[in-house]
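Notes to accompany the following structure.
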Amino acid sequence: MSRARVARRIATAAAFSSGGISLLGGAAVGVLLTEARLAKRMVGGSGDVPPRADGRYGSAFAHPGGEPELTLAMVGDSTAAGQGVHRARETPGALLASGLAAVAERPVRLLNVAQPGARSDDLARQVDLLAGPSATPPDVAVVMIGANDVTHRMPLATSVRLLTDAVRVLRAAGTEVVVGTCPDLGSVEPVYQPLRWLARRASRQLAAAQTIAVVELGARTVSLGDLLGPEFEARPRELFGPDNFHPSAEGYATAAMAVLPTLCASLGLWPEADERPDARRGEGFLPVAQAAAEAAAEGGTEVTAAQPAAGPRGRWALLKRRRRRPLEREAAAEGAPGENADADTGASHESA
């Protein structure tokens, strides 16, 4: 069965609330658990609390009578929270808020409700904090989820259904949503074969199914294979943090550079010329399942809905391989809480 068909099957099962499709077959579970015990001895679990990066970024763009600030929310697990680094400005939320403020030339308020260790069954709680009865929904939310679903063997269909429910609530509240799909866990350095192959297979299956499900709700996805993918595999000492699992500051910057163009595009802030597909980069319109499978295999790839109507091969999507534009580290530092953030953010206690 092709990767696209597998992803479509999982997404369909999620739509019908079926949890019967598991991440790994029963025969593989014993091998996986044995290898996991060995890997656990070398992969240090981090109990560090991620630095709090909530606050206002790009205050220099605030002017009397100017456009109001944007609100960016980070939702998901430890990667969304920024676990593994010690300075607020190094977290993905801070990097994205600073980048968004620079592109929009407007202040950006960052709200991070992500929880280290979270699985998809925690998304409803997090989303309620943002779009519940007493909350003002953010303009845009970045969701990073899936790695803990894989490591805890949550059924694929269940994982996708829970993500879909969360995205549906956010979209109904008027929030644009960008989902950073499940990263490639097969590149965690101390993980060896056959666990590496199984983890990579499960990660990509989940990433593709996540894409199919949320794109049909009007969200955009960015493959985070690069978060724990080929670049991390080639440069593990630089891009992984001290616990050999969470990204380092350079690793988070790599992921933020992949997400920022899509984040800006979701708000209509990216150059129109870059919104047109470029055949030279392999971009174009594909059935959503095929686009999802291709994106899962290549980090930094965006998938977004192309048209509302469905054809004989299902809905269509636009596959984009956006050029990566470096984030200015100085810009991130200028807006980081604890340094130049507004005094009323309460976010001035970053770790040294």
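If we count every other residue with Cβ under 11 angstrom of residue 139's Cβ, Lys/Arg +1 and Asp/Glu -1, where does the sum land?
Here the charged neighbours net out to 0.
Would you please classify the overall shape of region 79-135 from the alpha carbon gyration tensor, given that a ≥ b ≥ c denote the square roots of the eigenvalues, rounded means a/c under 1.5, and beyond that prolate means a/b larger than b/c while oblate covers the rest? Verdict is oblate for region 79-135.
Under 5 Å from the amide H of residue 73 lie the amide H atoms of 111, 140, 141, 142, each residue being 5 or more positions distant or on a separate chain, with H modelled from the backbone and absent for Pro and chain starts. A simple spin-label model places the labels of residue 124 and residue 276 4.6 nm from each other, with each point 7 Å out along Cα-to-Cβ. Residues whose amide H falls under 5 Å from that of residue 317, counting only those 5 or more places apart or on a different chain, are 286, 288, 306, with hydrogens built in the peptide plane.
FYI, it's all coordinate maths here, none of it is from the lab. Only a predicted model underlies this, so the values are computations on that prediction, with no experimental measurement involved. Because the Cβ atoms are built from the backbone with ideal geometry, glycine has one as well, and the counts that use them run over all protein chains shown.
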